[in-house]
Amino acid sequence: MIPLMAQVPQTDARSGPVTGTDTHFEARSYSRAEWDARRSDLKQRILFAAGLTMMPEKTALHPQYTGKLEGSDYTIERVLLETSPGFFLGGNLYRPKNLAGKKTPAIVHPHGHWAYGRLENQPLYSAPTLGINMAKQGYVVFAYDMVGYNDTSQVAHRFTGKREQLWQFTPLGLQLWNSIRVVDFLESLPYVDPKRIGATGASGGGTQTFLLDAVDDRIAAAVPVNMVSLIMQGGCICENAPHLRIGTNNVETAALMAPRPMLVVAATGDWTRNVPKEEFPALQKIYALYGATDKVEAVQFDSPHNYHQQSREAMYTFFRKTLLGINDGKQVKEVGVEAPDARDLLVLWNEKMPARAKTFDELFEAWKQHADRQTNAEMDLKLLRERLAMAVEAQPVAKVLTQKMQDGVTLSRGNGDRVPVRVKAGGPADTATILVHRDGAAAALATQGIVTQGTVYAPDLYLTGSARTEITPRLTHHATFHPTDDAYRVQDILTAIEYARSQGARKIRLQAIGDAGPWAILAAAVSSTPVELVAEPLSANAHWTYDDWLAEHCFVPGLQQVGGIRTALRVLAAKK
């Protein structure tokens, strides 16, 4: 997060070095009131990044059991769940035998980026060993695929693209939705106690664990392993959807578990090496706000990146205390087990995917249709405006810093931004026209036939006109940590609006020239200061609603999922 400045910077910080997955973040301190507000915002950010702000309908899971393996005191079943119509998730259900009439705790177990996913069986990670041991201890465990792994093969694991991101259709969102549906599945089992559902996973599975418990209060206890870090935020696209970590980091996400019990497992040989001295104290401070420092624990092992036997034993001991209610101070030891052949754990080994399974394109189309239906049916225009503001990352402009220049002024909100604005005085002092052109102020002022009123302000929006500059090469997953260039341009218009208001303008006309229309429409829709929008009509510019055009000319992740330019125009119509 860029610190607030007292004056307009000489260069725009948005074009300089930026944060990313490997930035060393600093933990922030909060009062209880501050954290309560922060946790609400963070939860909404996670849901928005996952494309789940408008939660899909929880349709029937239609669990299909394709086989069972029998152990001496446990069973392993192969299960296929239909987490949304035509989309199937594969997993294994580990459980004790003879559960009739009993209610037992259950564990959600997403895997990380090991080559064989939930089938992996080696010293640093073994999902079968974990599942069998926990079944022997009295738990029901569902170990399930990340998208693109094993039985869950309808989409690739690392799919991404601007078109998909406009709709927030990402691996992260699909995985989070699958995790929520796994909790639904476990709740539906007659022998599972819905009040005692825990979650644990390592690496990418650790990310899934704390994202799930952040948005789903049904998780009663959690053990994220080798992923709660201030120095690495996740290396895969499945952990880095746009918007997810703008102004935040994994430690704050993990802290959303408070005050529910959580054990953080760390290793000296990966990015959790600082947990005892940095991340754990930060988590303790959040838990202390609830008087619950005894509910968060941390343990670190001298090892590489893992979910090995020592880490699992720490997890067994923690869940024994928090979910089984046995707190006798004894450590639970893992017993040696023989993992089944990987083929015997596959749901679709010698089986066909159900005929109603959708292709990638069909799943994407269904995702878009769901978003359109919900947006079109939403009558709360205040809520729609909030969703648009979330998409463009619109921030309130509390104060505008200024610096005079020869033919105008340079503006800043004090956070490193820099917006040159050419000013032409004239007309009533209480009236202003803000001219917006894709090529900047000079092009706007040179446009023929423009009718202006009052003082004219022509901003050079981010990287346009005189604001063009060399930028530091963008890091991978840039949009996870920063607004896009087009979102910055919308924010710059908001800054110009607030500056015009501060100069005494009570009537502000925002005039967009040509294809600057989408920037201006979005700014007018989310602006807290009323403006009169003058832009070409959508009927003559249907391309403003097309995914391909927006991806190149107004790329704002999530914009289409909340209705895009049409929703912005609905909001504007209601403001009149």
Legend entry - region 372-383 residues that are on the phi < 0 side of the Ramachandran plot, paired with ones that are assigned to a helix (DSSP H, G or I) and charged (D, E, K, R) (beta carbon under 7 Å, 6 or more apart): LEU381/ARG570
Inset, instruction - Pull up region 157-192, narrow it to residues that are touching a residue at least 40 places away in the same chain (Cβ under 8 Å) and acidic (Asp, Glu), then point me to the one that is nearest to THR59 (Cα to Cα). - result: ASP184
Inset, instruction - Only one of these is touching a Pro at 6+ places or on another chain (Cβ under 9 Å), in a helix (DSSP H, G or I), at pLDDT 95 or above and surrounded by fewer than 24 Cβ atoms within 10 Å (Cβ to Cβ): LEU186, LEU212. Name it. - result: LEU186
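Where residues in region 250-292 are of a type in the set (Asp, Glu) and not in a loop (DSSP other than H, G, I, E, B), which of them is farthest from the chain's Cα centre (by Cα)?
In the first step, residues of region 250-292 are kept if they are of a type in the set (Asp, Glu); the result is 252, 270, 278-279.
If we keep only those that are not in a loop (DSSP other than H, G, I, E, B) as well, we get 252, 279.
On the way: GLU252: 13, GLU279: 20 Å.
Top of the filtered list is GLU279.
Out of the residues in region 532-576 that are small (Gly, Ala, Ser) and not in a helix (DSSP H, G or I), state the one that is nearest to the chain's Cα centre (by Cα).
Here is the first cut: in region 532-576, the residues small (Gly, Ala, Ser) are 535, 539-540, 542, 551, 558, 563-564, 568, 573-574.
From what is left, the residues that are not in a helix (DSSP H, G or I) are 535, 558, 563.
On the way: ALA535: 33, GLY558: 11, GLY563: 19 Å.
Selected residue: GLY558.
Only one of ALA199, ALA241 is assigned to a loop (DSSP other than H, G, I, E, B), among the aliphatic types (A, V, I, L, M) and at pLDDT 95 or above. Can you tell me which? Explain how you work it out, then say what you get.
On the way: ALA199 fails: assigned to a loop (DSSP other than H, G, I, E, B).
Testing whether each residue is assigned to a loop (DSSP other than H, G, I, E, B), among the aliphatic types (A, V, I, L, M) and at pLDDT 95 or above leaves just ALA241.
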Inset, instruction - Check off (1) in contact (Cβ under 8 Å) with a residue 24 or more places away in the chain; (2) touching a Ser or Thr at 6+ places or on another chain (Cβ under 8 Å) for GLN284 and give me the number that stays unchecked. - result: (1)
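Condition (residue is over 19 Å from the mean Cα position of the chain (by Cα), hydroxyl-bearing (Ser, Thr, Tyr) and under 29 Å from THR53 (Cβ atoms)) applied to region 134-142: is it met by at least one residue?
First, the residues of region 134-142 that are over 19 Å from the mean Cα position of the chain (by Cα): 134-142.
The next check asks that each one be hydroxyl-bearing (Ser, Thr, Tyr); those that pass are 139.
From what is left, the residues that are under 29 Å from THR53 (Cβ atoms) are none.
No, region 134-142 contains no residue that is over 19 Å from the mean Cα position of the chain (by Cα), hydroxyl-bearing (Ser, Thr, Tyr) and under 29 Å from THR53 (Cβ atoms).
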Inset, instruction - Please determine, by comparing only the residues of region 245-276 that are outside the structural domain of LEU124 (by TED's automatic domain parsing) and of a type in the set (Lys, Arg), which one is surrounded by the most Cβ atoms within 10 Å (Cβ to Cβ). - result: ARG260
Inset, instruction - Pull up region 526-551, narrow it to residues that are over 19 Å from THR495 (Cβ atoms), in contact (Cβ under 8 Å) with a residue 60 or more places away in the chain and not small (Gly, Ala, Ser), then point me to the one that is surrounded by the most Cβ atoms within 10 Å (Cβ to Cβ). - result: LEU550
Legend entry - Entirely in region 377-493, the strands (runs of 3 or more DSSP E) that have 2 or more residues that are surrounded by fewer than 17 Cβ atoms within 10 Å (Cβ to Cβ): 401-405
Legend entry - Members of region 300-320 that are of a type outside the set (S, T, N, Q) and free of Cβ contacts under 8 Å to residues at least 24 places away in the same chain: GLU313
Inset, instruction - Within region 345-363, work out how many residues are surrounded by fewer than 13 Cβ atoms within 10 Å (Cβ to Cβ) and assigned to a loop (DSSP other than H, G, I, E, B). - result: 5
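Does region 208-226 contain at least one residue that is closer than 30 Å to GLU164 by Cα, among the aromatic types (Phe, Trp, Tyr) and outside the structural domain of HIS478 (by TED's automatic domain parsing)?
If we filter region 208-226 for residues that are closer than 30 Å to GLU164 by Cα, which is where we start, we get 208-219, 224-226.
Applying the additional criterion that residues be among the aromatic types (Phe, Trp, Tyr) yields 210.
Now restrict to residues that are outside the structural domain of HIS478 (by TED's automatic domain parsing): 210.
Looking through region 208-226, at least one residue is closer than 30 Å to GLU164 by Cα, among the aromatic types (Phe, Trp, Tyr) and outside the structural domain of HIS478 (by TED's automatic domain parsing).
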Legend entry - LEU522 at pLDDT below 95 and either in the same structural domain as LEU559 (by TED's automatic domain parsing) or surrounded by 15 or more Cβ atoms within 10 Å (Cβ to Cβ) (or both): no
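Matching residues to (1) of a type in the set (Ser, Thr, Tyr); (2) more than 14 Å from VAL223 (Cα to Cα); (3) in contact with a Ser or Thr (Cβ under 7 Å, 6 or more places away or on another chain); (4) surrounded by 17 or more Cβ atoms within 10 Å (Cβ to Cβ):
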| site | (1), (2), (3), (4) |
| --- | --- |
| GLN300 | no, no, yes, yes |
| MET315 | no, no, yes, yes |
| PHE318 | no, no, no, yes |
| THR322 | yes, no, no, yes |
| ILE326 | no, yes, no, no |
Inset, instruction - Answer yes or no: is there a residue in region 40-56 that is assigned to a loop (DSSP other than H, G, I, E, B) and free of Cβ contacts under 8 Å to residues at least 40 places away in the same chain. - result: yes
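The values are calculated or read from the model by the stated rules, or taken from the named source; none is laboratory data. Everything numeric here is computed off the predicted structure, so don't read it as measured data. Cβ: placed from backbone, ideal geometry, glycine included. Neighbour counts: every protein chain shown.
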